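Since every read-out is calculated from the coordinates, none of them should be taken as a lab result. In this text the structure is predicted, and so the values were computed from the model without any measurement. Here Cβ is always computed from backbone atoms with ideal geometry, including for glycine, and neighbour counts include all displayed protein chains.
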Amino acid sequence: MAPSKTRRRKTTSPQPSAERLRQQAEQEFAAELEELAKADTRQRPPNWNLSPWAVATYLLGGNLDNGFEISPKYIGNRRLIEIAIATLATDRALLLLGVPGTAKSWVSEHLAAAISGDSTLLIQGTAGTSEDAIRYSWNYAKLIAEGPSREATVPSPLMRAMETGKIARVEELTRIPSDVQDTLITVLSEKTLPIPELNQAVSAQKGFNLIATANDRDRGVNDLSSALQRRFNTVVLPLPATVEIEVEIVRRRVEALGRSLELPAEPPALQEIRRVVTAFRELRDGVTQDGKTKLKSPTATLSPAEAISVVSNGWALAAHFGDGQFRVDDVASGLVGAVVKDPSRDSVVWKEYLETVVKEREEWQDLYRACRKLTPV
């Protein structure tokens, strides 16, 4: 019998970071972090890559003494960011709270990137998140073969952050079942993670801390216990205070997405971004900008994140199904879809807004016609 041929597994080289759909913050802004580290002469907390001043400059933007420009990652209240950074320099964990779309995850990622140089120590909270995802699990093949040992454990991102003195992140903490949330209490109080099967515990190294994000607007929210709440300092990230700030946020993020996706079209005009943002703010606030007309609000949050999605989707339509020019028809479909989430209720709200506000604005007539074509009668 002829010997059987052994099939060799095809190996692939690691994907270049430039080819990834989305780079981590520490990769995308590596040059800025490097320049900040060179210019940073202030005192750094133990195991921090940058001083608190440099972390704030990285998030909020600014010019270094050598003329190098740091781009803003968060546009908003500077004091809130300073409070968040100061919290992480203490032994208190940080909870970023706010409605969906207020850049909680974005701020969390950039804080971890600036402080630890690693934003990947992440636990994504869902209804199915278990204690193992927060603490550790087991390599059962090694467990059966060799018995319980540290080598047989599979550390969670939280455990790895404790061992290396880095920042761990928990996204959507209130999505996690309440009894699983409370797994964090010992970690945040004692700075240790017990491994009772081995009669051992992992002690956190200097530099370790935790950033959690949460919102109370979505369905399926599990409130934090009082014991867990006491172990966090809470910073509430608000929606942008003005139209100008929100327009600037949307513009910057859309242009960054366009570069990442290599969309072959002209960036959206500022006028179109402003109209989307204005419509969202008016529907969100329940009143027109001039305060003269009260409006019903839809079930959708209509946050800056939704506006970014609408504009970037319109840009993709213009690039691949248009002439490369971002036009009102490209934005109308995304606008209608963003507002009308619950057809039975939101359709009424949207039609009323179209007829009483959009139709009456002379400079919005093209938007009214484009949206009317896509709005069910």
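Taking Cα centre as origin and charging only the Cβ of basic (Lys, Arg, +1) and acidic (Asp, Glu, -1) residues, the dipole magnitude of the chain rounds to 680 debye. Shape of segment 21-236 from the C-alpha gyration tensor: prolate (a/c of 1.5 or more and a/b above b/c, with a ≥ b ≥ c the square roots of its eigenvalues).
Taking the Cα centre of segment 70-119 as origin and assigning +1 to Lys and Arg Cβ atoms and -1 to Asp and Glu Cβ atoms, the resulting dipole is close to 200 debye.
For the chain, relative contact order (Cα pairs under 8 Å, six or more residues apart, normalised by length) works out to 14 percent. For PHE326, PHE29, the sequence from fewest to most other C-beta atoms within 10 Å is PHE29, PHE326. Panel note: the C-alpha atoms of segment 89-214, placed on their principal axes, show extents of 48, 31, 23 Å (largest first). Residue order for LEU80, LEU111, LEU239, fewest other beta carbons within 10 angstrom first, comes to LEU80, LEU239, LEU111. With a simple spin-label model that places each label point 7 Å from the Cα along the Cα-to-Cβ direction, the separation between TYR140 and GLU266 comes to 6.0 nm. For the modelled label position 7 Å from the Cα of VAL236 along Cα-to-Cβ, which residues of segment 274-299 have backbone nitrogen atoms closer than 17 Å? 285, by backbone N distance to the label point. Counting only residues at least eight positions apart within a chain, or on another chain, the aspartates and glutamates with an alpha carbon under 13 Å from that of LYS142 are GLU151. When you count the other C-beta atoms within 10 angstrom of each residue and take the mean per peptide, 165-178, 196-209 line up highest first as 165-178, 196-209. In a fully extended conformation the segment linking SER225 and ARG22 would gain 69.6 nm over its present Cα-Cα distance, using 0.36 nm per residue. Greater than 27 Å separation of Cα atoms is the criterion. Which listed pairs, LYS73/LYS191; LYS292/LYS359; LYS296/LYS359; LYS104/LYS351; LYS73/LYS166; LYS104/LYS191, meet it? Result: LYS73/LYS191; LYS104/LYS351 exceed 27 Å.
Largest GNM mean-square fluctuation among TYR74, TYR140, TYR353, using the chain with Cα springs under 10 Å: TYR140. Consider the candidate values [x] 1.07; [y] 0.91; [z] 1.16; state which one is Cα Rg over 2.2 N^0.38 Å computed from the structure displayed. Answer by label: [z]. Note on TRP48, TRP106: ascending count of other Cβ atoms within 10 Å places them as TRP106, TRP48, the fewest first.
Pull out a ≥ b ≥ c, the square roots of the eigenvalues of the alpha-carbon gyration tensor of segment 222-302, then state rounded if a/c is under 1.5, prolate if not and a/b is larger than b/c, and oblate in the remaining case. Taking the square roots of the gyration eigenvalues as a ≥ b ≥ c, segment 222-302 is oblate.
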